[in-house]
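Below: one structure, written as structure tokens.
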Amino acid sequence: MSWSGKLLRVNLTNGTCTSEALNMEWAQEYLGQRGLASKYLVEEIDPQVDPLSPENKMIMTTGPLTGTMAATGGRYSVVTKGPLTNCIACSNSGGFIGAEMHNAGWDMIIFEGRSANPVYLYLLNDKAELRSADEIWGKSVWETDEWLHAKHQDPMLRIAAVGRSAEEGCLYAAIVNDLHRAAGRSGVGTVMASKNLKAVAIRGTLGVGNIKDPAKFMQAVSAGKQVLADNAVTGQGLPTYGTQVLMNVINEIGALPTRNMKEVQFEGAQNVSGEAMHENRPTDGKPNLTTNAGCFGCTIACGRISTIDKGHFSVENKPQYWGNSGGLEYEAAWALGPDTGVDDLDALTYVNFICNEDGFDPISFGSTVAAAMELYKIGAISTAETGGHELKFGSAESLVWAVEVLVSGEGFGKDLGLGSKRLCEKYGHPELSMTVKGQEFPAYDPRGIQGMGLAYATSNRGACHLRGYTVASEVLGIPEKTDPLATEGKAGLVKAFQDATAAVDSSGLCLFTTFAWSLEDIAPQVDGACEGEWTAERMAELGERVWNMEREFNLKAGLTAADDTLPKRLLKEAANVGPAQGRVNDLDQMLPEYYELRGWSTDGVPTDETRKRLGLG
Ligand code: SF4
């Protein structure tokens, strides 16, 4: 069994760290990471708890395949109740710290309570200590990383930290690990900072050695790696262009949300695309993209490492940003670019650097700036609120100013830290917030990709592409091509993607493998590593169990079927150009069928029969 079999419970109020046996019965039902940690959260907190109170808990968790030889087996998740959505939140990240944690002998760390003073957790195999973070409170993620490495004199130390925006209460703050990998969505970093926990620093040298059947496992792993290498998306597209391979593709099909989702195609898409990142800049003759990069154990390596032209206005007097760092992924490039109308690749890269340096979600940030720009355009916000600064669609200067004022946490920066929903409510136009359950949309317009509308509306953590990525089928034809403008069959498609995603997220593997792998490829790897018989069918059922458990948590937190909806703009204002011209999202045609397929009542509540079938008590 590749579970370590133990969890670390860190009580921040008392300053104690204690080891506990992992509940192996639950591990058989929920596997690990997203599923198993959510089970612990559901059992241990009141769903109505204030997310930023000491009563909320934050769980840092690996899957049983994290840190093993499996391709992409470097993932970890942070599970908590999210402050942006008031829903259950699970934010997944790659890099190296997840593998380090599992190699240190821990399946998960449960943080509870609140420390009286800033602290960080230092974890060296089975030695766990809370230490003072007084000197790094108020510092950025990057400064914190440097300080901890210097203090412990260990270049192999892996670090996850929150930045100043989290401390200031930005509701979409991230936890950034390995400098530019992030558990980015739903404000998990805000929860961490609310506990006065600045960082987690881990060194693990024990290895993940308890594989059930090493020969069978390695055979399944090798077969899986070959499938990834042979596939056009995971073998060529992602290594070459990263997720940014999608910018021009999504624009062409008329589903690239533009200027706060008012439009569906962006005239400057090419300038901020994956292809553009390869081209030499006319200004300094160098390309934006330096190289690709992989997380622990990854054979895809979709990560981007980029530079900015030293003469660009955003960095010309800031040499600290002249080197290589984490570059644009598609979702970040979209939110900072097309959604704000900005097509300046260097400006987007700079803002992305700052999102990593200070630790906040570029999707929520860009979308919130886009909403602010629309509020400015209609006169609901003026230079009186912004301290004299303009907030114009298409202005790179406005975008750069916005990111800097957010980091400062002062003036209009506080407003931007509220997120789009609360910002638009504050300025009297809630209808301009492009969110579901308080979380900002990612980069696919549901008028041009109908299934994504249903996926957003029903996502357990608010609008999200990583909870049911039907783009794979509707646009890329994986595993089979469906018509993005059709609604028929989308309820079943969304349910299947949601359940499979929950299973993958519970394993320790990266979701991007599913461009090539199905559960038929993943189950043998889990089966080779873990006690029990693990088939594709069992994995799918596990995913369905996790989905329903998350749903029940949200219902107990106070959400209802009325929250399974989309902003009026997407339901009433038709796309004005492109292949989706004349279309709105037809959510009302898909949602009732979805509830039925899920085995829920017409009010969106799992029936007793469904709960019993899934063993939900
Ligand atoms: S595919 Fe990309 S995000 Fe996933 S593990 Fe590999 S490098 Fe990381």
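The values are calculated or read from the model by the stated rules, or taken from the named source; none is laboratory data. Remember, predicted model here, so these are calculated numbers, not experimental data. Cβ: placed from backbone, ideal geometry, glycine included. Neighbour counts: every protein chain shown. Heads up: the accessible areas ignore ligands, DNA and RNA and are worked out on the full protein's heavy atoms, side chains in. Shrake-Rupley method; radii C 1.70, N 1.55, O 1.52, S 1.80 Å.
What to note about this one:
- When region 408-434 is filtered for residues that are in contact with a Leu (Cβ under 9 Å, 6 or more places away or on another chain) and closer than 19 Å to T565 by Cα, the ones remaining, listed by number, are G419, S420, K421, R422, C424, E425, H429, L432, S433, M434.
- Scanning region 569-617 for residues that are of a type in the set (K, R) and farther than 23 Å from I253 by Cβ turns up R598, R611, K612, R613.
- Restricting region 364-385 to residues that are open to solvent by 10 Å² or more (accessible area, probe 1.4 Å) and not acidic (D, E) leaves a set whose member that is farthest from Y330 (Cα to Cα) is A384.
- Whenever a residue of region 290-301 is near the ligand (Cβ under 6 Å from one of its atoms), its partners that are open to solvent by 30 Å² or more (accessible area, probe 1.4 Å) and of a type in the set (K, R), lying with C-beta atoms within less than 7 angstrom and at least six residues away or across chains, give the pairs C295/R181.
- Any chance A503 is crowded, with 21+ Cβ neighbours inside 10 Å, at pLDDT below 95 and either under 29 Å from G63 (Cα atoms) or of a type in the set (A, V, I, L, M, F, W, C) (or both): no
- For region 288-314, a residue qualifies if it is within 22 Å of F96 (Cα to Cα), of a type in the set (A, V, I, L, M) and in a loop (DSSP other than H, G, I, E, B), and the qualifying residues are I300, A301.
- Residue check for L130: open to solvent by 10 Å² or more (accessible area, probe 1.4 Å), more than 16 Å from the ligand (Cβ to nearest atom) and part of a loop (DSSP other than H, G, I, E, B): no
- G413 passes every criterion in (1) under 24 Å from K318 (Cα atoms); (2) open to solvent by 20 Å² or more (accessible area, probe 1.4 Å) apart from (2).
- The residues of region 500-550 that are within 19 Å of M218 (Cβ to Cβ), of a type in the set (V, I, T) and within 16 Å of the ligand (Cβ to nearest atom), listed by number, are T513, I522.
- Taken together, the residues in region 163-191 that are within 14 Å of M60 (Cα to Cα) and in contact with a Lys or Arg (Cβ under 8 Å, 6 or more places away or on another chain) amount to 3.
- For G285, the stated conditions hold: it is in a loop (DSSP other than H, G, I, E, B), open to solvent by 40 Å² or more (accessible area, probe 1.4 Å), away from the ligand (no atom under 15 Å from the Cβ) and on the phi > 0 side of the Ramachandran plot.
- Single unsatisfied condition, N548 versus (1) open to solvent by less than 30 Å² (accessible area, probe 1.4 Å); (2) without any contact (Cβ under 8 Å) to a residue 60 or more places away in the chain: (2)
- Taken over region 306-328, residues that are under 30 Å from F515 (Cα atoms) and either crowded, with 16+ Cβ neighbours inside 10 Å or in contact with a helix residue (DSSP H, G or I) (Cβ under 8 Å, 6 or more places away or on another chain) (or both) amount to 6.
- Filter result for G532 (at positive phi and more than 23 Å from the chain's Cα centre (by Cα)): yes
- Checking E531, E488 one by one, the residue that is surrounded by fewer than 17 Cβ atoms within 10 Å (Cβ to Cβ), out of contact with any helix residue (DSSP H, G or I) (no Cβ under 8 Å at 6 or more places or on another chain) and in a loop (DSSP other than H, G, I, E, B) is E488 and no other.
- When K216, K212, K225 are screened for being over 25 Å from V369 (Cα atoms), within 16 Å of the ligand (Cβ to nearest atom) and outside the structural domain of A335 (by the TED database), only K225 passes.
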